[in-house]
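Structure first, then comments.
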Amino acid sequence: MKIIIVGCGKVGYSLVEQLSVENHDITVVDIKEDNVRSITDALDAMGVIGNGASYQTLLEAGIRQADLLIAVTNSDEQNLLCCVIAKKAGNCKTIARVRNPIYNTELEFLRKELGLAMIINPELASASSVARIFQFPSAIKIDTFAKGRIEMLHFRVTADCKLNNYKLLHIRTTLKCEVLACTVSRGEEIIIPRGDFVFCEGDIVSIVATPANAHIFFKKIGINIGHIHTAMIVGGSTIAYYLARRLLSAGISTKIVESNPARCEQLSELLPEATIICGDGTDQNLLLQEGLENVQGFAALTDLDEENILLSLYAKKVSKAKVVTKVNHTSFNTVLEDLKLDSIIYPRTLTAESIIKYARSMNNSLHINVENLYKLEDGKVEALEFLIKNEDPRITNIPLMNLPIKKNILVCCINRQNRIIIPGGQDVLQPGDSVVVVMTGERLQDISDILMN
């Protein structure tokens, strides 16, 4: 496909980085020459210097031949205007990033009235991700499929966890748990485990299960599953606002520590049920006075990665809280892994994943449609949710054990008419099924790509 990306910031760079490897024809547009050059020098993309909301600039970028325009500048209004002009100048699909909370209740109206394919709010998506983690604190990260009916939970195997030195096959045969282990991250190695695989302390395991079965599983292996009742957030960002609103609606007592007095006043008006503390979030004495030692959930959401990391390490040292750390840069992931932080969220990665999911679904065949796409383990693993629309004699109505499925590919979930199936060897795929597939080292465009040639 021919894709135009307006805005060459962090999200724009991430989009080009991930879309270019899928053989799309990409043109980037930005008013700053240095921003354009930073992408075109490093990645496979053409560049146009100019205002993306300008008709002439979009013509120069090839809007009349474009299939998709993605507007991710720092201005919500410019992103929306880019999309409107793109729709008039060409006949492409459009996606806009809109971040200001004042538009939050109007996103669906704007999308329909302006004819956009999608509106992305990265702060809201990040807050939703943190809220899910706080509601299931034993998980490092939670991804959802089948419209929330199935969850992929990532957790760490500890020394006292029953999975330590435990064979995978015993999860079903001995523990009698309806869960499926999808991937195991062990140091630099990513493994899709088989039945004889033995878990070790320090492994980061991802499982798929319904929420109810996940609770049963964690209880049986001795991992805490209780929801949090108190939370502290450092940093009064937009993400903090969205998160506090979610937590308060769930009955969780919430404190926000913010250093800017004007922002504190805004938050007090927007969130009357929350406790807003005006002070330096890096002041250890202040955090202890406000009850950090006894809090059950802690989120470091300042604008500085380094500050968030240090705050999280301190919170882990003085409390038993579930700790979530916001990180904007992904350059030092291996260093962060060594720090053993509980959960890390990357807002720009969440944005890029949502857009790439849509781009891939546009590019797929008429018979199969990608419903969801998640990049896992720093992009080393993909989880795809396919919708099987029609009969295919190569894959449908054949027991999974008889399908010649490629190595390092696992069919981990089937959603059949809202009934969730964690598949075994005798299960089959049928038209109408929504199927979640996890893989390493492969790029699938079609469900049939899981088969060996």
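The values are calculated or read from the model by the stated rules, or taken from the named source; none is laboratory data. These numbers were taken from a predicted model, which means no experiment stands behind them. As a convention, Cβ positions derive from the backbone with ideal geometry for all residues, glycine included, and neighbour counts pool all protein chains shown. Ligands, DNA and RNA are excluded from the accessible area calculation, which covers all protein heavy atoms including side chains. Shrake-Rupley method; radii C 1.70, N 1.55, O 1.52, S 1.80 Å.
Need one number: % antiparallel among DSSP beta bridges in the chain, to the nearest 5.
50 percent
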Would you mind computing, in nm to one decimal, how far apart the modelled labels at GLU22 and LEU313 are, each placed 7 Å from Cα along Cα→Cβ?
3.7 nm
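What number comes out for the charge environment of THR351, summing +1 per Lys or Arg and -1 per Asp or Glu over other residues with Cβ under 14 Å away?
The answer is +3.
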So between ASN104 and ASN91, what do we pick up on full extension, going 0.36 nm a residue minus the alpha carbon distance?
2.0 nm
With DNA, RNA and ligands ignored, accessible area of ASP34 (1.4 Å probe; Å², nearest 10):
120 Å²
Which value in nm describes the separation of the simple spin-label points at LYS219 and ASN418, placed 7 Å from the Cα toward the beta carbon?
2.5 nm
Could you put GLU382, GLU269 in order of accessible surface area, largest first, with the 1.4 Å probe and the full protein assembly present?
GLU269, GLU382
Past 24 Å, Cα to Cα: identify those pairs from LYS10/LYS326; LYS10/LYS141; LYS32/LYS112; LYS220/LYS375, in the order given.
LYS32/LYS112; LYS220/LYS375
THR275 accessible area, nearest 10 Å², 1.4 Å probe?
60 Å²
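Leaving ligands, DNA and RNA out of it, report the carbon-plus-sulfur percent of the accessible area of segment 1-129 at a 1.4 Å probe.
Carbon and sulfur together cover 47 percent of it.
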Using alpha carbon centers only, segment 21-66 is separated from segment 401-453 by a whole-angstrom value of 37 Å
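Tell me the net charge near ILE171. Cut-off is 13 Å between Cβ atoms, ILE171 excluded, with +1 for each Lys or Arg and -1 for each Asp or Glu.
Numbers: positive: LYS162, LYS167, ARG172, LYS176, ARG194, LYS220; negative: GLU178, ASP196.
That sum, taken over residues with Cβ under 13 Å, equals +4.
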Would you check the accessible area of ARG263, probe 1.4 Å, heavy atoms only, in square angstrom rounded to 10?
50 Å²
Zone reached by a paramagnetic label modelled 7 Å from LYS32 Cα along Cα→Cβ, restricted to segment 67-82 with backbone N below 20 Å, covers 70-80, 82
Computed lengthening from ASP44 to ASP283, 0.36 nm per intervening residue step minus Cα-Cα distance
81.5 nm
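Residues of segment 75-149: accessible area per residue at 1.4 Å, in Å²? Spell out each step's value before the answer.
Details: 3130 Å² over 75 residues.
With all protein chains present, segment 75-149 gives 42 Å² per residue.
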Around ILE421, with a cut-off of 10 angstrom between Cβ atoms, what is the net charge of the other residues, counting Lys and Arg +1 and Asp and Glu -1?
-1
In this structure, the FRET efficiency calculated for GLN430 and LYS380 from their beta-carbon separation, with R0 = 45 Å, to the nearest 0.05, is 0.90
